[in-house]
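Asker: Before I ask anything, here is the structure I am working with.
The values are calculated or read from the model by the stated rules, or taken from the named source; none is laboratory data. Quick caveat: nothing in here was measured; it's all calculated off a predicted structure. Neighbour counts run over all protein chains shown; Cβ positions are idealised from the backbone, glycine included. Calculation scope for accessible area: heavy atoms of the full protein, side chains included, ligands and nucleic acids excluded. Shrake-Rupley method; radii C 1.70, N 1.55, O 1.52, S 1.80 Å.
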Amino acid sequence: MEIERLKHYRRQVEVAIWLLIIITAAVIRFVPIPVIVQNQVILTNLIATTAAFTFVYYRLFFPRFESAAMTLVTTITFALIVAATVHFSGSLTGVFFPLLFVPLMVSVTMLGAEAFLIILGVEIAFIIFETYFFQLDLLSFSSYRRHYLTNIGALVLVALFCYLSTAEFFRREAERRKIEELADELSRRKKQDEAILRSIGDGVFAVDKDLKIVLFNKAAEKLTGWKAKEVMGKTCREIFQFKDQKGEVICSKASTCLAQKCFRTERVFSQGPLRASGKDGSEVILSETTSPIKDQRGVIIGAVSVLKDVSERSRLEEMKVDFVSLVSHQLRTPISAVKGYLSSLLEGRTGGLTEEQKLYIERAFTSNERQLEIIESLLNISRIEKGKVELTPVEFSLVELAKEAAAGFSKMAAEKGLELKVLEPAEEMPKIRADRERIREVLENLLSNAIKFTQEGGVAVSFEKTKTEVVVAVADTGVGIPTEAIEKLFTKFYRVGQAPMTESEGTGLGLYIAKSLVELHGGKIWVESEAGKGSTFYFSLPI
Ligand code: ADP
């Protein structure tokens, strides 16, 4: 562009103009050629035109004057400078007109306040010098310039007015420059941030409050096959079809969309493995962690998600589950057969047994039962992890179910001298709709643990109702659980203070299964416990 090109030559133009002004002024002032004295009018006008040109040139190509008011003030100031300089230099043709006016005007338009003040100083010195040493000379230029003090005073006034009226302009100019610098810095930082985000190995994308994608990094492009420019501004729902284990699309519902969960709760959510189809239809298995983005005031303005490709991990996990499932299946038949033979022996179908034989067979029978229990648990887990647990929901009363389950443990509790009771709820409990057998498994697991880990006192089951759910509490007065163990309690094979499957009783799978079953029903399970004082396990189910 033309203006850009001209800006490029700004320095050269400035130097040329200054040279022209100085040489011309020097010629007029110091060369005693009669012809020049005669042509003073022409020369003065020439210099004035140069100055005007400079002024217009800068005004057009470096439009610093932002508002009409500022332009008006500056224009009036310049008019006053011209008028005052004409007056004090004698006339438009006076030698002092260009000498005083041109440098002042050029300095103010071109170089700013500092240059203006320096020029002013030089001029004042010049007038003093002239008045002292060339008084005659000076008088011959101007009949008005009788006393140098008057001239200096006038010049200072004009300069002050000029400076004040342009001060605002210079202030804005400085501000503008600062803003430009800040903008440059910001854009540099933004580019740096973008480069960092682009280079992160995991897929990262961010959405605004309307779920529109505002950031999509290279790894996300690679994972999904979509290009950033194709997805920007579209909602994540349009682009991704993340499906959970059960094959349900989680993006389409507010209750399962991670970004919306973040907006509602201001918490971080992780989910995975999720199945996502890339742009070309190929399937990738991902895990997604979504965190809310807050502005400086703490208001949520969007959410950022990190996507990890877990296809390989998921494949290995699947192989492991398949393997466990296969082995458990294969083992169940022979172990069940052993159980059959052992019970035949115990029932005396093969004739009488000595006390010692009976004791050994009873022990073999108990161990065999435990093996079967473990196998059942492993099969259960395989089913849960493969998403193959089919729920058959029916309507039933949790209180009734708890009573039934507790009845099954009354003998075990009595043997240990423990009191086992199901407390009648103070208010009537609504019926719930769930898979009765699965919830019975959960209850049985909690009851058996409570009795197993309690030496004296008792176990009590109680109920509570909230607006949306029923909460069941299984409280015991047993050994309790140390705080540091609580968070690992519901994970696979975890047993407090023991390696998995070492002790004869328990596998460390019960609570993991209970948690999975409760969560499959849309409920939650948690525990409150104090070591040595007892524990209370809670689970909630939606009404
Ligand atoms: P298991 O009972 O087969 O070991 P669980 O998953 O049911 O496996 O329980 C895991 C561990 O949690 C138990 O080994 C025990 O250490 C602890 N635990 C569970 N319930 C209780 C309880 N009511 N009181 C104390 N500890 C418990």
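Asker: Look at segment 281-303 and say how many of its residues are within 11 Å of PHE263 (Cα to Cα) and surrounded by 12 or more Cβ atoms within 10 Å (Cβ to Cβ).
Answerer: Qualifying residue count for the region: 9.
Asker: So which residues in segment 220-246 are farther than 16 Å from THR290 by Cα and in contact (Cβ under 8 Å) with a residue 60 or more places away in the chain?
Answerer: Result: LEU223, THR224, GLN245, LYS246.
Asker: Okay, next question. Can you give me the number of residues within segment 295-334 that are among the small types (Gly, Ala, Ser) and over 19 Å from SER382 (Cβ atoms)?
Answerer: Of the residues in segment 295-334, 5 are among the small types (Gly, Ala, Ser) and over 19 Å from SER382 (Cβ atoms).
Asker: Regarding GLY532, is this residue without any contact (Cβ under 8 Å) to a residue 60 or more places away in the chain, within 11 Å of the ligand (Cβ to nearest atom), part of a loop (DSSP other than H, G, I, E, B) and open to solvent by less than 40 Å² (accessible area, probe 1.4 Å)?
Answerer: Answer is no for this residue.
Asker: Turning to a different aspect of this structure: Given (1) more than 39 Å from the chain's Cα centre (by Cα); (2) more than 22 Å from LEU420 (Cα to Cα), where does ASN445 come up short, assuming only one miss?
Answerer: Failing condition for ASN445: (2).
Residues are listed down the side, and each one gets a yes or a no for (1) assigned to a helix (DSSP H, G or I); (2) closer than 20 Å to ILE300 by Cβ:
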| site | (1), (2) |
| --- | --- |
| GLU180 | yes, no |
| GLU185 | yes, no |
| LYS190 | yes, no |
| GLU194 | yes, no |
| ALA220 | yes, no |
| GLN241 | no, no |
| CYS251 | no, yes |
| SER255 | no, yes |
| PRO273 | no, no |
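Asker: Right, another one. How many of the residues making up segment 422-443 are open to solvent by 40 Å² or more (accessible area, probe 1.4 Å) and within 16 Å of the ligand (Cβ to nearest atom)?
Answerer: Adding up the residues that qualify gives 3.
Asker: Also, I was wondering about something else. For segment 191-239, name all the residues that are open to solvent by less than 80 Å² (accessible area, probe 1.4 Å), over 14 Å from the mean Cα position of the chain (by Cα) and among the acidic types (Asp, Glu).
Answerer: ASP202, GLU221, GLU230
Asker: Can you tell me which residues in segment 376-397 are at pLDDT below 90 and either within 16 Å of the ligand (Cβ to nearest atom) or aliphatic (A, V, I, L, M) (or both)?
Answerer: Matches in segment 376-397: GLU376, SER377, LEU378, LEU379, ASN380, ILE381, ILE384, GLU385, VAL389, LEU391.
Asker: Follow-up question, since we're still on this one. Go through segment 373-402 and report how many residues are in a strand (DSSP E or B) and not acidic (Asp, Glu).
Answerer: Number satisfying all stated conditions: 3.
Asker: Checking the condition over 30 Å from GLY387 (Cβ atoms), modelled with pLDDT of 85 or more and of a type in the set (Ser, Thr, Tyr), which residue from SER199, SER187 passes?
Answerer: Going through SER199, SER187 in turn, the sole match is SER187.
Asker: Select from segment 449-462 the residues that are part of a strand (DSSP E or B) and more than 9 Å from the ligand (Cβ to nearest atom) and list them in ascending order.
Answerer: GLY458, ALA460, VAL461, SER462
Asker: What are the residues in segment 341-362 that are part of a helix (DSSP H, G or I) and surrounded by 11 or more Cβ atoms within 10 Å (Cβ to Cβ), if any?
Answerer: TYR341, LEU342, SER343, SER344, LEU345, LEU346, GLN357, LYS358, LEU359, TYR360, ILE361, GLU362, listed by residue number.
Asker: Condition first: over 20 Å from LYS243 (Cα atoms) and in a strand (DSSP E or B). Now tell me which residues in segment 289-331 satisfy that.
Answerer: Within segment 289-331, PRO292, ILE293, LYS294, ILE300, ILE301, GLY302 meet the criteria.
Asker: Continuing with this model, one more query. Conditions first: (1) assigned to a loop (DSSP other than H, G, I, E, B); (2) within 23 Å of ASN217 (Cα to Cα). LYS246 passes all but one, so which condition is the exception?
Answerer: (2)
Asker: Of all residues in segment 463-498 being open to solvent by less than 40 Å² (accessible area, probe 1.4 Å), assigned to a strand (DSSP E or B) and modelled with pLDDT of 90 or more, which is farthest from the ligand (Cβ to nearest atom)?
Answerer: By that ranking, first place goes to VAL470.
Asker: Give the residue, chosen from LEU446, LEU509, LEU541, that is closer than 30 Å to LYS388 by Cα, buried (at least 17 other Cβ atoms within 10 Å of the Cβ) and more than 10 Å from the ligand (Cβ to nearest atom).
Answerer: LEU541
Asker: Then there is this: All but one of (1) within 11 Å of the ligand (Cβ to nearest atom); (2) closer than 27 Å to SER382 by Cα; (3) hydroxyl-bearing (Ser, Thr, Tyr) hold for SER516; state the number of the condition that does not hold.
Answerer: All conditions are met except number (1).
Asker: Which one is nearest to GLU369 (Cα to Cα) among residues in segment 297-326 that are touching a helix residue (DSSP H, G or I) at 6+ places or on another chain (Cβ under 8 Å) and of a type in the set (A, V, I, L, M)?
Answerer: VAL324
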